[in-house]
Amino acid sequence: MSSGQRQAAAAILAAAAATWGAPAWAQGAPAGHSMPGMSMPAATSSPSPNTTVNLGAGSGAGNGAGIVHSGHEVLSGAVLIDQLEFRGNGRDASAAWEGQAYYGSDYNKVWINTRGEYSGRERAFERAELQLLYSRLIGYFFDAQVGVRQDFPIRPRQGTPARTHLVMGLQGLLPNLFELNLQGFVNHRGTLAARVEASYDAYITQRLVLQPRVELNFAANADRPARVGKGLTNIETGLRLRYEITREVSPYVGISYERAVGETSTLYQRFGEKPEATTVAAGIRLFF
């Protein structure tokens, strides 16, 4: 073997040894799908609370992530306005929003959730809700949450009251990357309720995303002044198609269907409201 051949063979062996000997977390991981703020540690390692992940300057998805041991956790935050839209069905038009923000570490966060709808015909809020939650990572893809929820008074002429609730919940990703949010509520009048939300982002292309979504609400006992009957109270489903101009800005169009069920439907009719509505929506999704 000539001198040049020996040098080439040595270089190949050195490169192979460096690659095979690298720890699992140093190999680049594919970009994954996660809810903003959801912690998704690599399955090959479970960093301790005093371990932080350092992507390095200019690194992006697919680049290797290094584990840096430090004496404290790195804090970060984000805001997601998932829905900021106008809805209409030819008879009525409304504006609706739904969003969340968090601040904290991979293991402990403070969340603020808000949602609401303003009716153009009634010139009043159909609903307005604010949640303040503490969130703790309990698994690779799930957080347990506890906090308070405040429902603000709507349609003052009809006297719909405000309500304050204790909240306990579970938020995370199912194996097929379905986003799931389970919440239980008890308010100061002793009404027990629950909410189940599920959605999925189906990427048609790298920028075009179809998102089906469903929400179910339940109550163990009635709260008639707040228009809540016993059992399954209402269903809300939607289908939205968004175009991600950037990760931060995504306009969309879609359709939404809402229906009050059972005793809640009767209460809606007693107050002169229709128990169901189908609307077309157009809006924008913001993340920063």
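The values are calculated or read from the model by the stated rules, or taken from the named source; none is laboratory data. The shown structure was predicted, so the numbers you read here are calculated from the model rather than taken from an experiment. Backbone-built Cβ (ideal geometry, glycine too); neighbour counts: all protein chains shown. Each accessible area value is taken on the protein alone, full model and side chains, heavy atoms only, with ligands, DNA and RNA left out. Shrake-Rupley method; radii C 1.70, N 1.55, O 1.52, S 1.80 Å.
Tabulated values for the structure
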quantity: Qualifying positions in the range 84-94 - crowded, with 16+ Cβ neighbours inside 10 Å and modelled with pLDDT under 95; calculated: R87, S94
quantity: Hits in the range 109-162 (condition: over 23 Å from D82 (Cβ atoms) and assigned to a strand (DSSP E or B)); calculated: A124, T160
quantity: Scope the range 170-215; condition within 19 Å of V228 (Cβ to Cβ) and outside any strand (DSSP E or B); matching residues; calculated: H188, R189, G190, T191
quantity: Some residue of the range 248-268 being modelled with pLDDT under 95, open to solvent by 50 Å² or more (accessible area, probe 1.4 Å), closer than 18 Å to S94 by Cβ and not in a strand (DSSP E or B); calculated: yes
quantity: Index of the failed condition, A198 passing every other in (1) aliphatic (A, V, I, L, M); (2) open to solvent by less than 40 Å² (accessible area, probe 1.4 Å); (3) over 27 Å from G90 (Cα atoms); (4) touching a Gly at 6+ places or on another chain (Cβ under 7 Å); calculated: (4)
quantity: Subset tally (residues that are under 19 Å from R227 (Cβ atoms) and free of Cβ contacts under 8 Å to residues at least 40 places away in the same chain) for the range 240-263; calculated: 6
quantity: The lone exception for P49 - which of (1) part of a loop (DSSP other than H, G, I, E, B); (2) loosely packed, with under 15 Cβ neighbours inside 10 Å; (3) at pLDDT 50 or above; (4) of a type outside the set (D, E, K, R) it fails; calculated: (3)
